[in-house]
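First comes the structure, then the notes that go with it.
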Amino acid sequence: MKPFLPLLLLFATLARAQNKETADTLRGLAGSYRNPIDPSLQFNIKREKDQLIFEVPGQGQTPMTGLGNDRFRPKQVNPPAIVAFVRDSTGNVGRFRWIQNHKGSNGEWLCDSASTGLGGRYQLKHDPYKIIRIRERDGRLTSQLNAGMVFDLQPDGPNKYLLKTGDYTIRYEFVPAGKKYRLLTRESGDFEFFRFNDAAAGVVDKGFPPDRSFDRADTLRGMLTPLRTCYDVSFYDLDIAVDPAARSIQGSATIRFRTLQTFSRMQIDLFANMTIEKILFHGEKLAYTREFNAVFIDFPRPVQQGANEAITIVYAGTPQVPDISVLKGGFIWFSDKQGNPWIESVCQGSGASLWWPCKDHLSDKPDSMKISITVPAGLTDISNGRLLDSVALPDHHTRFDWYVDYPIPNYDVVVTIGRYVTIADTLIRDHDTLKLHYYCIQNNEDKANRIFALVKPMLRLYEKNFGEYPFQKDGFTLMESLYGMEHQGAVSFGPVNSPVNSDHFDFADLSRVAWHESAHEWWGNSITCKDMADMWIHEAFATYAEVLSYENFAGTAAAKKYLKEQIPGNKRPIIGTYDVNDFHEGDMYSKGCLMLNTLRNCIGNDSLWFALLRGLQSRFRYQSVTTEDIVGYINEATKKNYTPFFDQYLRHTAIPRLELIANQNGDTLVLNYRWKTDVDHFEMPIELFTTKGMRTRVMPTGEWQTIRLPRWTAADLKADTDDFYVDVDLK
């Protein structure tokens, strides 16, 4: 268990249960709640009709059973817990108590900064995201966890202190460790979460909030200005050394490019906290200026259209520390169970320019790339593509040279460093073989091998459904990592144990993550969206690949069960704002997956459906595309206009609502029906059926239509909301 979060959430299927509370009561309880000690601990309470849903953002959700008196029990939480809402004198709810029988959590924190007495910056030994800042002010100590509230500590003995809030207590003990201290914490009691955003009664977007305003920095990052469109990147040569002790990197990046329009100034991207030593062009130092994370390079003479040129940026710095809760990327500096360094770059949300200079825009993938990473001897670096060589250097370091033979999105470029075990394998196909590479941390081989055993049947399924694996020369790599991510040619499924370095192994969830991240080799890495606003092209198809995996390996019932577990918030359109790098996870996974499943059932022909998926891969392989490209191809291949269908699901929050008016005329049901949508010319088939086994397929439009159904009754009438993601209004 992580300190300050004394629970282990084991989410299974989302079952339906009746609460004892009224709908009005439930409405008053829904919202988002945070813990004042650590605001990264956030719970969302959502209302689904007469049901409360308990959600941990990014981890999962489960129903809550009403116990009366504003007390609820979240299902699938172990040890069992109770959420007890607390009302003020006016009857409003602003907080709840988390009640759970547990022994409390212990933590060991290491001081990683210059300290004065007990003061300093303490990092949790096995979690780089947790930082406590201890400050001495006016003879007293204060404590602040991450960006949480500042609390006064009460003395409780020599070098011992207490933090108390309500019934919750954290005991601090400072233990000498050389010239510094290490901090031991022990927590006990029930603690409280306070409401901070009623808008989350439905769902909280995992990305930027709906009312987020964009600024100049966002435009510089997300827009294709003339300073970016004047050149096209053909090749990156990245050569850096990683220093785990200093948590820093240094090296160079050479950018080869073709000039599309004559220019004297160009923009590249590198975060402002990374220091540029010099920029070279034909051995000459170039002048440059910075604005936010954009770097504007001035050339002494115009670079002519059609020229093939190169610049080299020599740089160094300490990459930012990631905060996945707000989609902020960075470098994770960690240690495995044996204390060996374990490091991973995570670019999701922020972009590649947080650690290496590049044209950080999805529209411009290089044709190929070389990645050279130098690490202390005894460690292994795993990056993208195929390993050309590992070179022992005289200063007890090793350089790993990797080569990517294909276009690659910048955010997919990865550094993964640790004490890794390497396993080689081969997938034998009818016409050739595909090299397979597996990596896991030492002593994790037994568990990791269970995940690696999934690869061959998974690849055969994906090649059948999506077409041939796109990166034949580089081979396919699957590796254990600190963070699951679709790094091209170096797919990461996360740590085999969660929490990291614990003994908890969730084979089912790791399998799902491996399916999802591997599917990105087709959807995201080969076919890449041109603007972050269209990221659904990556995530909807990869999540739908999970459905196909369940269908193939566990059966249709398992696939349908997984589809039912997808519960979109429908609070913000899937497509974001263009030209500002608007990365928001939101509904592009769950709603996007349900949209694709709906489209499959609209088409009603699996031969055509899978030919369509393979055709998309064939048409757009290695390209950066838009929503219009994908929809246009689907319209062309099906000879039907699905533009209104995609517009409704992608560009609006509401889903199609099927309005039904049923009138009984003897033994015949007279049924009027239409779609209620935000877009014009929307039409989509849907299956109607009865509990007695009668079925019919109708094609509603935005206009009322009528059908007569002999031997049907309104009481037995159902619409197929399992295969079609729609709302139904039956009158």
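The values are calculated or read from the model by the stated rules, or taken from the named source; none is laboratory data. Values in this document were obtained by computation on a predicted structure and should not be read as measured data. Here Cβ is always computed from backbone atoms with ideal geometry, including for glycine, and neighbour counts include all displayed protein chains.
Residues in the range 497-513 that are surrounded by fewer than 23 Cβ atoms within 10 Å (Cβ to Cβ) and hydrophobic (A, V, I, L, M, F, W, C) were compared, and the one that is nearest to residue 622 (Cα to Cα) is 513.
Selection over the range 496-542 of residues that are under 19 Å from residue 327 (Cα atoms) and in a loop (DSSP other than H, G, I, E, B) gives a count of 4. Residues that are touching a Leu at 6+ places or on another chain (Cβ under 6 Å) and within 19 Å of residue 385 (Cα to Cα) were ranked within the range 332-370; the one that is surrounded by the most Cβ atoms within 10 Å (Cβ to Cβ) is 356. Could we say that residue 473 is touching a residue at least 12 places away in the same chain (Cβ under 8 Å) and either buried (at least 19 other Cβ atoms within 10 Å of the Cβ) or part of a helix (DSSP H, G or I) (or both) here? Taking the combined requirement at face value, the residue does not satisfy it. Of everything in the range 595-627 that is among the hydroxyl-bearing types (Ser, Thr, Tyr) and not in a loop (DSSP other than H, G, I, E, B), the residue that is surrounded by the fewest Cβ atoms within 10 Å (Cβ to Cβ) is 607. Looking across 431, 396, one residue alone is of a type outside the set (A, V, I, L, M), more than 25 Å from residue 375 (Cβ to Cβ), surrounded by fewer than 18 Cβ atoms within 10 Å (Cβ to Cβ) and out of contact with any helix residue (DSSP H, G or I) (no Cβ under 9 Å at 6 or more places or on another chain). It is 431. Going by the conditions given, is residue 630 part of a loop (DSSP other than H, G, I, E, B), touching a residue at least 12 places away in the same chain (Cβ under 8 Å) and under 23 Å from residue 540 (Cα atoms)? When the stated conditions are applied, residue 630 does not pass them.
One residue is enough: does the range 472-492 have a residue meeting the conditions in contact with a Lys or Arg (Cβ under 8 Å, 6 or more places away or on another chain) and closer than 15 Å to residue 448 by Cβ? No - not one qualifying residue is present in the range 472-492.
Got at least one residue in the range 677-686 being touching a residue at least 40 places away in the same chain (Cβ under 8 Å), of a type outside the set (Val, Ile, Thr), in contact with a Phe, Trp or Tyr (Cβ under 7 Å, 6 or more places away or on another chain) and not assigned by TED's automatic domain parsing to the domain that holds residue 535? Yes; the residues of the range 677-686 include at least one that is touching a residue at least 40 places away in the same chain (Cβ under 8 Å), of a type outside the set (Val, Ile, Thr), in contact with a Phe, Trp or Tyr (Cβ under 7 Å, 6 or more places away or on another chain) and not assigned by TED's automatic domain parsing to the domain that holds residue 535.
In the range 480-494, the residue that is farthest from residue 590 (Cα to Cα) out of those that are assigned to a loop (DSSP other than H, G, I, E, B) and without any contact (Cβ under 8 Å) to a residue 40 or more places away in the chain is 494. If I ask for residues that are closer than 15 Å to residue 421 by Cα and either of a type in the set (Phe, Trp, Tyr) or free of Cβ contacts under 8 Å to residues at least 24 places away in the same chain (or both), which ones from the range 450-463 would you list? Result: 452, single match.
In the set (1) under 17 Å from residue 649 (Cβ atoms); (2) surrounded by fewer than 14 Cβ atoms within 10 Å (Cβ to Cβ); (3) of a type in the set (D, E, K, R), the condition left unmet by residue 697 is number (1).
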